[in-house]
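The block underneath contains the structure these notes are about, expressed in structure tokens.
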Amino acid sequence: MEPSIPIPTDNIYKFASLFGIAIFISSMLGSVYFIVRFNELATKTVLDFEALKAKESLSTVESVQKTILEKTRNVNRANSIIFPCLLGGSLGGSFFLSIWGVLN
């Protein structure tokens, strides 16, 4: 019986293929973790910031806390652009690495 998908017999190509599959799976899990964690952090940051924004008079500690929350919100916006791009690049690279390992 002949397999329909050729399995690489050379060690370097087998390693490349398996390593590509491992990176692919890790990137998929990483993207799910990123989405869940980002949503939790963004929700908490917005709720705390809006609560402080609604107050009429802020103490010194609350004023500093509001500034930190505002900077955290800006960092979260930047991270929401960078991390998906990195994960997408990792997914694409690992996919092509595993295909290259199988085809050679």
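Read-outs throughout are calculated quantities, based only on the coordinates presented, and are distinct from any laboratory measurement. Note that the structure is predicted; figures quoted are calculated from it, not measured. Every residue, glycine as well, gets a Cβ built from its backbone with ideal geometry; the counts of neighbours run over all protein chains shown.
For the range 22-77, enumerate the residues that are assigned to a loop (DSSP other than H, G, I, E, B) and surrounded by fewer than 12 Cβ atoms within 10 Å (Cβ to Cβ).
Correct list: 55, 56, 57, 59.
When you go through 31, 63 one by one, which is the residue that is out of contact with any Leu (no Cβ under 8 Å at 6 or more places or on another chain) and of a type in the set (S, T, N, Q)?
63
How do the pairs read when you match residues in the range 31-49 that are closer than 17 Å to residue 85 by Cα with residues anywhere that are among the hydroxyl-bearing types (Ser, Thr, Tyr), using Cβ under 7 Å and keeping only pairs 6 or more apart or on different chains?
38/80
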